[in-house]
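*Asks:* I have a structure here, written as structure tokens, and I will follow up with some questions on it.
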Amino acid sequence: MEILYTPKQINLPTIISVGTFDGVHRGHRFVIEYANELAKRYQYTNMIITFDPHPRFVLAKEIQAHFLLTTLEEKLEILSRIPVDIVYIQKFTKEFSELTPEEFIKILKENFNMKALVMGYDHSFGVNRSGSYEDIKALSYKYNFFLHKFQPFVDDGVFISSTKIRNLLIKGFVSEANKLLGYNYFIKGRVIEGSKIGRKLGFPTANIGEVADEKIIPGSGVYIIRAFVEDEQYRGIMNIGFRPTFQYSHNNIYLEAHLFDFNNNIYNKSIKIEFLLKIRDEIKFDNVEDLIQQIYKDRELALRFFDRNT
């Protein structure tokens, strides 16, 4: 897969899919794989155009932290595992957003030798999203390219969209979100030094910091997780929340992972956390002993989960 940050003349005609592709979920991959089949049939180059930053960060009146399913780096990593020839990353600016639909189509034709364009069911091009399917269809005759429009991707009666997945994660429904994504939702960060409360309780934890500001953090609660550190994989549980038993403040949210059968020093190391299942909400316990007993129960529940799913 070739990654472009500036336009490049492409010899073979291209079939182009345009979108933010946040999460590269199953609906996105259905469209991309369909485009790839057309590319093979007609000897096109299968090309994706995506945006950085996400248009919402440029156009929204208020910038929302913890909004995206994937950072640009993560999006490219996932795209590299599916059949795509070229990904062009269009820098999204206020000026770019003010292009008319025809100006945008001319860029695709002149810069990338576009012969076919794929549109999602709710996609539009140009200033104020003014370029509807009918507008682009008219331009396809003028500029001589094929236009393909996809209806919403539905699986088992469930409509798949990045918005739906975001809402599921915020509510803590990670297993449901994973089904729509087609992979386990994850965050990446660095292990930082904490207050060592978990170690004092007999359950040492890796405190996760430096998570990308734009990434969604699942809602507060206790989760069954899989962790990856330096090519090693570990099972565990993670608490996301405010430590109400010890302190309570909505200003600081803590991400604390207890990895099973693991007691190495991994401070300052990169870590990836995959979320598998939420097992309970965060609770304020009356005393530390009750908390310890609950963690034992959480751990046993997680071990049974892994026994059933390995």
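*Asks:* In the chain, with Lys and Arg counted as +1 and Asp and Glu as -1 at Cβ, which of these residues, 207, 217, 39, has the Cα nearest the positive end of the dipole, that is, farthest along it?
*Replies:* Of the listed residues, the answer is 39.
*Asks:* Moving on to the next point. Any idea which of 296, 20, 60 is furthest toward the positive side of the dipole for the chain, if Lys and Arg beta-carbons carry +1 and Asp and Glu beta-carbons -1?
*Replies:* Of 296, 20, 60, it is 20.
*Asks:* About its Cα centre, what dipole magnitude does the chain give when the only charges are +1 on Lys and Arg Cβ and -1 on Asp and Glu Cβ, stated in debye to the nearest 20?
*Replies:* About 280 debye.
*Asks:* Size of the dipole of the stretch 76-119 about the Cα centre, Lys and Arg at +1 and Asp and Glu at -1 on the beta carbon, nothing else charged, in debye to 20?
*Replies:* 120
*Asks:* Report Rg (one decimal) and Dmax (nearest whole number) for the stretch 1-138, counting Cα atoms only, units Å.
*Replies:* Cα-based Rg and Dmax for the stretch 1-138 come out at 14.5, 45 Å.
*Asks:* Quick one: of 179/278; 40/91; 75/188; 109/137; 40/115; 8/215, which pairs are farther than 19 Å apart, Cα to Cα?
*Replies:* Cα-Cα > 19 Å for 40/91; 8/215; rest within.
*Asks:* Now, a different point. Could I have the simple spin-label model distance between residue 56 and residue 94, label points 7 Å from Cα toward Cβ, reported in nm to one decimal?
*Replies:* So the two model labels end up 2.1 nm from each other.
*Asks:* I've got another one for you. I need the Kirkwood Rh of the stretch 205-285: take the reciprocal of the average 1/r across all distinct C-alpha pairs and report it in angstrom.
*Replies:* Evaluated over the stretch 205-285, this radius sits at 13.3 Å.
*Asks:* Still on this structure: Quick check on packing: order 275-284, 133-142 by the mean number of other C-beta atoms within 10 Å, highest mean leading.
*Replies:* Top of the packing list down: 275-284, 133-142.
*Asks:* Give me the Kirkwood hydrodynamic radius of the chain, using the inverse of the mean 1/r over all pairs of distinct Cα atoms, in Å to one decimal.
*Replies:* Mean inverse Cα-Cα distance, inverted, gives 21.5 Å.
*Asks:* A further question follows. Looking at the chain, send over the antiparallel percent of its DSSP beta bridges, to the nearest 5.
*Replies:* Rounded to the nearest five, the antiparallel share is 60 percent.
*Asks:* While we're looking at this one, here's another question. List the residue ranges in the chain for DSSP H helices whose C-alpha atoms run 27 angstrom or more along the long axis and whose Kyte-Doolittle average is -1.0 or above.
*Replies:* Membrane-span-like by this rule: 288-308.
*Asks:* Once fully extended, how much extra length lies between residue 265 and residue 138, figured as 0.36 nm per residue of separation less the alpha-carbon to alpha-carbon distance?
*Replies:* 39.5 nm is the gain from fully extending residue 265 to residue 138.
*Asks:* Taking a temperature of 10 °C and a viscosity of 1.306 mPa s, what whole-number D in µm²/s does Stokes-Einstein yield for the stretch 37-93 with Rh from Kirkwood over alpha carbon pairs?
*Replies:* Taking Rh from Cα pairs, D becomes 121 µm²/s.
*Asks:* Nothing charged except the Cβ atoms of Lys and Arg (+1) and of Asp and Glu (-1): what's the magnitude of the dipole of the stretch 1-125 about its Cα centre? Round to the nearest 20 debye.
*Replies:* My answer is approximately 260 debye.
Read the figures in this text as sums done on the coordinates, not as results from a lab. Given the structure is predicted, the values throughout are model-derived calculations rather than measurements. For neighbour counting, all protein chains shown are included, and Cβ atoms are generated from backbone atoms with ideal geometry for every residue, glycine included.
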